[in-house]
Amino acid sequence: MGNSELWAGALSLLLIHHETGCPHSALNAARLLDRIGEMENLDDATRCLCERASTRLSNGKELSHACAA
Amino acid sequence: MLAPLKDRDILERDLADPQSDLSLPAPSGQRQLDRMVAEVAALRHALRESRRVQRKSATSATRRIVSQINEINRLKAQNQNLQQKLADYQSGQAIIELGRRLVELSESNHLLSQSVQRVWFLEKTLQAAHSEFASLAAERDALLQQVQARS
């Protein structure tokens with residue numbers, strides 16, 4: 001799977017998770033973000049960003065929208 | 001202004017000897033000459049007018065050409081931008097950038113939500129402290145009144 005396909009998948013799952021709160025989407029998005037983070041042609045800042053997002057999604061710590069909090 | 005002639009000899013020959021090429025009968029010679037002079041003057045005037053119109057037309061055409069060159073340059077730049085965008089979409093760069101932006105914003109949202117919760121908690125704590133303060137102040141005032149009543 002190419003770079004852009006992984007990002008497209010992660011983007012889609014994240015949007016579903018944000019829209020519906022679906023935990024499966026969050027876990028699958030986390031997996032895809034892990035795979036993106038493992039790619040060689042990725043800058044360090046984006047890699048760290050993906051790792052943090054993956055950790056949040058895996059632990060179910062991704063909160064709802066701040067405006068609704 | 002008249003344009004330069006290729007063969008200047010024609011004019012010079014006319015000025016030097018205007019009658020050289022003419023073989024007119026003597027009685028009507030002067031009249032014929034006047035008529036030809038008038039004709040030449042009219043032709044010169046027509047030529048001048050024609051050149052003025054041509055100059056005006058050339059200026060207008062030049063202006064249009066400059067305007068069209070500018071338009072072509074603008075369209076070229078626009079085309080280049082669109083081709084770049086198209087290349088970004090084809091290479092998936094746009095979706096990558098969009099995904100990265102979403103992850104960034106999710107993180108910002110997460111941090112903001114945490115801050116909102118912390119603010120909410122601090123607000124509640126402050127309200128509780130304020131209530132406690134009011135209660136203690138009332139108790140103190142009551143005790144003070146009791147002391148003053150005894151003394």
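The values are calculated or read from the model by the stated rules, or taken from the named source; none is laboratory data. Because the structure is a prediction, the values reported are computed rather than measured. Glycine also receives a Cβ, built like all others from the backbone with ideal geometry; neighbour counts cover every protein chain displayed. The accessibility values were calculated without ligands, DNA or RNA, using every heavy atom of the protein model including side chains. Shrake-Rupley method; radii C 1.70, N 1.55, O 1.52, S 1.80 Å.
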**OP:** Rank-order B:115-122, A:8-15 by packing density, defined as the average count of other C-beta atoms within 10 Å over each peptide's residues, highest first.
**Re:** A:8-15, B:115-122
Original post:
On a 0 to 90 degree scale, rounded to 10, what angle separates helix A:23-37 from the longest Cα axis of chain A?
Top reply: 20 degrees
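What does the structure give for B:72-80 when I average, per residue, the other chain Cβ atoms found within 10 Å of the residue Cβ?
On the way: counts 0, 0, 0, 0, 0, 0, 0, 0, 0.
The per-residue average across the peptide is 0.
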Subject >> Total accessible area lost when A and B pair, probe 1.4 Å, Å² to nearest 100 >> reply: 1800 Å²
Original post:
Averaged over peptide B:110-123, how many Cβ atoms belonging to another chain are found within 10 Å of each residue's Cβ?
Top reply: 3
Subject >> Mean Cβ neighbour count within 10 Å, used as a protection proxy, ranking B:31-40, B:102-111 highest first >> reply: B:102-111, B:31-40
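Can you sort A:Cys48, A:Cys22 by 1.4 Å-probe accessible area, starting with the largest? All intermediate terms of the calculation are to be shown ahead of the outcome.
On the way: A:Cys48 60, A:Cys22 40 Å².
I get A:Cys48, A:Cys22, largest accessible area first.
Rounded to the nearest 0.05, what FRET efficiency do B:Ala142 and B:Leu122 have when you use their Cβ-Cβ distance and R0 = 41 Å?
Working: r = 30 Å, r/R0 = 0.74.
Efficiency at R0 = 41 Å is approximately 0.85.
What full-extension length gain, to one decimal in nm, is calculated for B:Ala41 and B:Val53 as 0.36 nm per residue of separation minus the Cα-Cα distance?
2.5 nm
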Original post:
At a probe radius of 1.4 Å, what is the per-residue accessible area of B:Glu97, in Å² to the nearest 10?
Top reply: 80 Å²
**OP:** Mind checking A:46-58 for the average number of partner chain beta-carbons within 10 Å of each residue's beta-carbon?
**Re:** 2
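For the range A:3-61, calculate the relative contact order in percent as a whole number, restricting contacts to Cα pairs under 8 Å that are 6 or more residues apart.
Working: 56 pairs, mean separation 19.8, N = 59.
Computed value for the range A:3-61: 34 percent relative contact order.
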